[in-house]
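Below is one structure, written out as structure tokens; the observations come after it.
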Amino acid sequence: MKDFHILYKSLRKIDWRVIEIIFKKMWDYKYVPSDLILKLSGIKESELNKILRRLSDDGLLDNRSQPYFGSSLTFLGMSLYSLRKLVTRNKLDMLGKKMGEGKESVVYNCYSEKYGECVIKFHKLGAHFRKIREKRDYGDLHLSVLTVRSAKKEYSALKRLFGIINVPEAFAWEGNAVMMELIDGKELFRVRLENPEDALDIILEDTKKMFRAGIIHGDLSQYNILVSDDLYIIDFPQHVDLDHENWPDILKKDIENVLSYFKKAYGIEKDINSVTKYIISE
């Protein structure tokens, strides 16, 4: 695959026009018909076919020829589109290096004249999305659409929780990308805490504050708690609200993950039922 930065710079206005049309129509079609792209773009058919093939060869499009010829954005295509939107909205001025890649996201550092040094998190398909697809009916939508919903969901949670607990400040959301504050810290499992009892109390208190705000993290563990001057909770694409039918089980799993880690790492034991009762109490 070509370098992310090189690909971005290589795209022409006519390419962005095609990508924009496909993005907007992905909510109506699993694969956007080439006839529709032709009609909306005003590009000659021969030229459009070349563009669709080239974008597919570069990994930006997923093309299908049956039962009709159509295209959808891949993770790479969705990420480049999202990056472009952030740039045109004057939210982002420079994309830096890749900071890390997990099962459900790729993170780059970046710079904004408005926000300073920050990060962009590009959501991608992971096991969580496949489980969602098994449990919910998304009709014939392309799986890439779920990455947009995931990014929007995380952005919403960060906006709701900022100022209530320590989370990165969310600056902008476009497509599958969330632009947020850079937290200079390490994951909890990479750090040996001097006062683990205090840290555990803070995490549980933050879990209670989240609950009062109507949010359950949904994937809380030592892997998405950052240790800096303070403790920060990150990664909210799996969060649920209190109207979710399984919120008690999801909350209990979050608490169990945290308590199990502190028991294993520091020998600290707390009764999960007592902790759960405290968190959901007024």
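The values are calculated or read from the model by the stated rules, or taken from the named source; none is laboratory data. The structure displayed is predicted, hence computed values, not measured ones. All Cβ positions, glycine included, derive from the backbone under ideal geometry; neighbour counts span all protein chains shown.
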Is it the case that region 188-195 has a residue that's under 26 Å from ILE250 (Cβ atoms) and in contact with a Leu (Cβ under 8 Å, 6 or more places away or on another chain)?
yes
Tabulated pairs, region 186-215, first free of Cβ contacts under 8 Å to residues at least 40 places away in the same chain and over 14 Å from ILE233 (Cβ atoms), second surrounded by 15 or more Cβ atoms within 10 Å (Cβ to Cβ) and not acidic (Asp, Glu), C-beta under 7 angstrom, 6+ apart or interchain:
VAL191/VAL227
Please work out if TYR81 is outside the structural domain of LEU143 (by TED's automatic domain parsing), touching a Gly at 6+ places or on another chain (Cβ under 7 Å), in contact (Cβ under 8 Å) with a residue 60 or more places away in the chain and hydroxyl-bearing (Ser, Thr, Tyr).
yes
From the residues in region 34-59 that are in contact (Cβ under 8 Å) with a residue 40 or more places away in the chain and farther than 15 Å from LYS13 by Cβ, which one is surrounded by the fewest Cβ atoms within 10 Å (Cβ to Cβ)?
GLY59
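Residues are listed down the side, and each one gets a yes or a no for (1) farther than 14 Å from ILE165 by Cα; (2) part of a loop (DSSP other than H, G, I, E, B); (3) touching a helix residue (DSSP H, G or I) at 6+ places or on another chain (Cβ under 9 Å):
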| site | (1), (2), (3) |
| --- | --- |
| THR207 | no, no, yes |
| SER221 | yes, yes, yes |
| ASP235 | no, yes, yes |
| ILE250 | yes, no, no |
| LYS264 | yes, no, no |
| ILE268 | yes, yes, yes |
| VAL275 | yes, no, yes |
| TYR278 | yes, no, yes |
Here are the criteria: (1) under 25 Å from the mean Cα position of the chain (by Cα); (2) modelled with pLDDT of 95 or more. Tell me which single one VAL275 does not satisfy.
(1)
Filter region 200-222 down to residues that are touching a strand residue (DSSP E or B) at 6+ places or on another chain (Cβ under 6 Å) and surrounded by fewer than 19 Cβ atoms within 10 Å (Cβ to Cβ) and give me whichever is nearest to GLU104 (Cα to Cα).
GLY214
All but one of (1) buried (at least 20 other Cβ atoms within 10 Å of the Cβ); (2) of a type outside the set (Ser, Thr, Tyr); (3) in a loop (DSSP other than H, G, I, E, B) hold for ILE22; which doesn't?
(3)
